[in-house]
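Asks: The structure follows.
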Amino acid sequence: MKGAVFTEFIEFVEESYSFDTADKMLEPEDGNNKIYTQAGNYPFEELVALVVSVHKTEGVEVGEILYSFGVYLFGKLIRMAPFLMAGAESTIDVISKVDTYIHIEVKKLYPEAELPKFDVTQQSENYLEMIYSSDKKLEVLAKGLMMGAAQHFKEEIEVEYEVLEEEPHTVKFTIKKL
Ligand code: HEM
């Protein structure tokens, strides 16, 4: 997984929880201190270990941590690549273009990025249905990113999802503009 996701996660933990929680996560008791650079690539399992560390220190559910990280991450990602938002009209518009535009551009910038699949199955101005497929099972993060997009556009949306299959992991999202 891209190092930028790790460096953003560290800042997120410092801002949303505490510096102590972030230090504890980066200096675990096994003595293997962790260092991440934005340009690096690290195993996805390491991100999971960081999230689990915050869960243990703060007593917050893993899903809650990933969800709020998603909300936070959207704003950070578009600051890294503002051109991705040029011409974007609404939250639904942006979310519907994750697979066909945003992540395609991300892949051009970072060929080593491992991106999920989002297939739009129904779309109108205020409604979207899409199928998320990824062995990373990060639908909670995806929901957070969608909510982050809504904050960006100052819109209110409702996002629901239902796991269709565990392996290969597929999840149906329904997104409504309120
Ligand atoms: C609402 C909009 C978006 C959604 C729902 C979304 C969803 C996701 C999800 C769920 C992942 C985790 C990987 C997985 O599940 O397999 C991911 C990874 C990623 N996304 Fe997006 N994304 C969105 C917008 C963006 C934007 C605007 C950028 C701009 C730079 C971006 C760049 C990335 C990058 C760099 C990764 C990490 C890939 C890796 O580590 O290998 N995404 N995205």
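The values are calculated or read from the model by the stated rules, or taken from the named source; none is laboratory data. It should be emphasised that the depicted structure is a prediction, and the values quoted were computed from it without experimental measurement. Glycine gets a Cβ as well: all are built from the backbone with ideal geometry, and neighbour counts include every protein chain shown.
Asks: Restricting the search to the range 82-96, which residues are over 15 Å from the mean Cα position of the chain (by Cα) and within 9 Å of the ligand (Cβ to nearest atom)?
Replies: Correct list: 84, 85, 91.
Asks: Residues being in contact with a strand residue (DSSP E or B) (Cβ under 9 Å, 6 or more places away or on another chain) and either under 14 Å from residue 40 (Cα atoms) or more than 9 Å from the ligand (Cβ to nearest atom) (or both): count how many of those fall in the range 107-123.
Replies: The total comes to 9.
Asks: Hey, residue 80 hits all of (1) at pLDDT below 95; (2) within 24 Å of residue 168 (Cβ to Cβ); (3) surrounded by fewer than 17 Cβ atoms within 10 Å (Cβ to Cβ) but one; which does it fall short on?
Replies: Looking at each condition in turn, residue 80 falls short on (2).
Asks: So the check is Cβ under 8 Å with 6+ separation or different chains; which pairs have a first residue in the range 1-18 that's over 16 Å from residue 56 (Cα atoms) and part of a helix (DSSP H, G or I) and a second one that's acidic (Asp, Glu) and more than 16 Å from the ligand (Cβ to nearest atom)?
Replies: Matching pairs, first to second residue: none at all.
Asks: What pairs can you find where one residue is in the range 42-57 and surrounded by 16 or more Cβ atoms within 10 Å (Cβ to Cβ), the other is of a type in the set (Lys, Arg) and part of a helix (DSSP H, G or I), and their Cβ atoms are less than 7 Å apart, with a gap of 6+ or different chains?
Replies: Within 7 Å, the pairs are 53/24; 57/24.
Asks: What are the residue pairs meeting all of these: first residue in the range 136-161, first residue on the phi > 0 side of the Ramachandran plot, second residue near the ligand (Cβ under 10 Å from one of its atoms), Cβ atoms under 8 Å, and 6 or more apart or on different chains?
Replies: Short answer, once both residue conditions are applied: 137/169.
Asks: Then there is this: Restricting attention to the range 43-54, does a residue exist that is over 18 Å from residue 159 (Cβ atoms), part of a loop (DSSP other than H, G, I, E, B) and out of contact with any helix residue (DSSP H, G or I) (no Cβ under 9 Å at 6 or more places or on another chain)?
Replies: yes
Asks: Here's another thing I want to ask about it. Filter the range 58-70 down to the residues that are in a helix (DSSP H, G or I) and free of Cβ contacts under 8 Å to residues at least 40 places away in the same chain, then identify the one that is surrounded by the most Cβ atoms within 10 Å (Cβ to Cβ).
Replies: Out of the qualifying residues, it is 65.
Asks: Now for a different question. Given the options 128, 115, name the one that is free of Cβ contacts under 8 Å to residues at least 60 places away in the same chain, closer than 25 Å to residue 80 by Cα, surrounded by 13 or more Cβ atoms within 10 Å (Cβ to Cβ) and in contact with a Ser or Thr (Cβ under 9 Å, 6 or more places away or on another chain).
Replies: On inspection, the qualifying residue turns out to be 115.
Asks: More than 24 Å from residue 177 (Cα to Cα) and either assigned by TED's automatic domain parsing to the domain that holds residue 150 or in a loop (DSSP other than H, G, I, E, B) (or both) - does that describe any residue in the range 71-92?
Replies: The answer is yes, given that some residue of the range 71-92 is more than 24 Å from residue 177 (Cα to Cα) and either assigned by TED's automatic domain parsing to the domain that holds residue 150 or in a loop (DSSP other than H, G, I, E, B) (or both).
To keep it simple, each residue is scored yes or no on (1) acidic (Asp, Glu); (2) surrounded by 15 or more Cβ atoms within 10 Å (Cβ to Cβ); (3) in contact with a helix residue (DSSP H, G or I) (Cβ under 6 Å, 6 or more places away or on another chain).
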{"residue": "92", "(1), (2), (3)": "no, yes, no"}
{"residue": "103", "(1), (2), (3)": "no, yes, no"}
{"residue": "124", "(1), (2), (3)": "no, no, no"}
{"residue": "139", "(1), (2), (3)": "yes, yes, no"}
{"residue": "145", "(1), (2), (3)": "no, yes, yes"}
{"residue": "153", "(1), (2), (3)": "no, yes, yes"}
{"residue": "161", "(1), (2), (3)": "no, yes, yes"}
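Asks: Next question, about the same structure. Restricting attention to the range 134-152, and to residues there that are out of contact with any strand residue (DSSP E or B) (no Cβ under 8 Å at 6 or more places or on another chain) and either more than 8 Å from the ligand (Cβ to nearest atom) or outside the structural domain of residue 169 (by TED's automatic domain parsing) (or both), which single residue is nearest to residue 88 (Cα to Cα)?
Replies: 152
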